[in-house]
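Peer 1: Structure below; questions to follow.
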């Protein structure tokens, strides 16, 4: 695992300033996002502000990835960006990131931001309905419309379908 440790002195120097780190993900870390073929560039930015009990550190990632486009079934470049504010304090009850011997490990937070910025399914264009020779690709909305059952048929399968939700307020 990559390490991205900042000391409390480093964080103090970041007050109202910004520092940038280039991040390299391992193959093992990329396995968690199978629709991502590769990461072209990934940067982490840190800015700190003083707070009552320590520091408020703004952690932001920006970069671009090659992701599977479910509309074209080809890989395409996609810009990603995500930001989170974390509290860093020597008081264990207040801190979001553990402080050990005056140091904080920010790499897990950066990795979490990366994972949350990658869409589970990506499509460059809206997919309503696309029928090919060996498969049919459709949006969830279109699927639900096509699979819509008459209320009587649904009521036969589901004993709660005939209930009026307004009666229970």
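Taken together, the values in this text are just the output of simple stated rules run on the coordinates, not laboratory data. None of these values were measured; they are calculated from a predicted model. Here Cβ is always computed from backbone atoms with ideal geometry, including for glycine, and neighbour counts include all displayed protein chains.
Peer 1: Which angle from 0 to 90°, rounded to the nearest 10, does the C-alpha axis of helix 107-117 make with the longest principal axis of the chain?
Peer 2: 30 degrees
Peer 1: Let me ask something else. Could you sort the peptides 16-26, 78-88 by per-residue average Cβ neighbour count (10 Å cutoff), highest mean leading?
Peer 2: Result, highest mean Cβ count within 10 Å first: 78-88, 16-26.
Peer 1: Moving to a separate point now. At a 10 angstrom cut-off on C-beta neighbours, averaged per residue, how do the peptides 52-64, 93-105 rank from highest to lowest?
Peer 2: Top of the packing list down: 52-64, 93-105.
Peer 1: What's the Cα-based Rg to Rh of the chain, Rh via Kirkwood?
Peer 2: 1.18
Peer 1: Mean separation of Cα pairs under 8 Å and 6+ residues apart, divided by the residue count of the range 1-121: what relative contact order is that in percent?
Peer 2: Reported relative contact order: 25 percent.
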